[in-house]
Each structure stands twice: as structure tokens, then as C-alpha cells.
Amino acid sequence: MPISIDAIRSAAGQVKKAAHRTLQEAKASNLATAFLCHSHEDADLVKGIINMLANEGWDVYVDWEDSAMPAAPERETALRIQQKIVELKYFIFLATPNSVGSRWCPWEIGYANGKKHIDQILIIPTTDRSGVWYGSEYLQLYRRIDQADQGGLAVWSPGQSRGGVWVRSL
């Protein structure tokens, strides 16, 4: 089932586990590393997803937390994003109304699709209070991260609703 936007916002207020200062530290600690594709208009949701994934033992890269990222989008921004997509093990697309309608997010997932194995691209579908589901169409080509019935996060293949894999075990 898609993760509710309210649940993600709630997770944003939780205490975040200490992040590693460098990618090398995260890898040395055997943490899964991921590039989080998102709309900057969803900053509150991004914080929630970072917390949720940190609780599962993941280290998540977000471009606006990167001091090396240019202040305004430019060619260097695209090069840095491309570098991070390749460098980090997973690419995660946070599917919200803002990211689905973004100009950058479809470009990022298209780039990731050409650089990563399909199993390294994950979608986090979301749902709003009225039950509208975000993460449809071409996003359904990829595995998704959803809340498991038993709690925690799990990954399912397209069309699969049983037998997912725990996020913490990836």
C-alpha cells in the first residue's frame, strides 16, 4: 500500500539517526546508500523519508543538503546530480504530485534508468487523504518501497503484493 503523505510528514518530526559525514563512512558501516529524487516543494516529506530510511539503516543523499551544489540550477548542478546517481547504490523516486509534475525529476529517473540496474531504482508511491495515489504509469515499471502490514518498510516488484523484501535487508 502506498505510504500516506500524513505518515511521511509525521516521520519528519521524529529524531533522525546520526548521519554519516561521508559516503565512505556510510559504506564502511555497510549502510545502503541512496540518491533521493524529489521535488524541492516537498521538503517536509523529504525529511520524513530520510528519517524512515535512516531507521531502516540507510544513508540518503539529498541535493539541497550538499554544500558543493550550486545555489541556482546550472550545468554544474546536472553534473553533480549525475555523479551522485552513479556513485550511490540506489536511486529512489519519491512520487508526489510535485515530483511527478517536476521538470527535473523525470530527467533524473531517466538518467538513472540508463546508468543503474533496474533493481537499484526504487519508487516510493504516496497517497493523500482522499486516497489519490501518486506513482503511476511509467513509475510502475520499477520496484516500490511501501509500508509493510507488519510495520517497517519493504520492497515489492511491480505487480507484487505479497512476499516483499525488507528494506533493511537490501
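Compared with the direct C-alpha span, the chain from Arg80 to Ser130 gains 14.3 nm at full extension, assuming 0.36 nm per residue. In the stretch 75-170, which trypsin sites (Lys or Arg not before Pro) are in a loop and have at most 15 other Cβ atoms within 10 Å, using DSSP for the loop call? When the trypsin sites (Lys or Arg not before Pro) of the stretch 75-170 are filtered for loop state and at most 15 Cβ neighbours within 10 Å, Arg103, Arg129, Arg162 remain. The reciprocal of the average 1/r between distinct C-alpha atoms defines the Kirkwood hydrodynamic radius, which for the stretch 3-169 equals 16.1 Å.
Summing charges over all other residues whose Cβ lies under 10 Å from the Cβ of Trp156, with Lys and Arg as +1 and Asp and Glu as -1, gives +2. Considering all different alpha carbon pairs of the stretch 41-124, the Kirkwood hydrodynamic radius works out to 13.5 Å.
Counted over the chain, the DSSP beta bridges are approximately 30% antiparallel. Once both labels are positioned 7 Å from their Cα atoms along Cα-to-Cβ, the gap between Trp107 and Ser67 label points is 2.6 nm. A cut-off under 15 angstrom between Cβ atoms defines the neighbours of Ala71, and their net charge, with Lys, Arg +1 and Asp, Glu -1, is -3. Evaluated with a Cβ-only charge set (Lys, Arg +1; Asp, Glu -1), the chain carries a dipole of roughly 360 debye about its Cα centre, given to the nearest 20. Excluding same-chain neighbours fewer than eight residues apart, the aspartates and glutamates reachable from Lys115 by a Cα-Cα span under 19 Å are Asp63, Glu76, Glu87.
No value in this document is a laboratory result; all are computed from the given coordinates. Since we're looking at a predicted model, the values are computed, not measured. Positions of Cβ are generated from backbone atoms using ideal geometry, with glycine treated the same way; all protein chains shown enter the neighbour counts.
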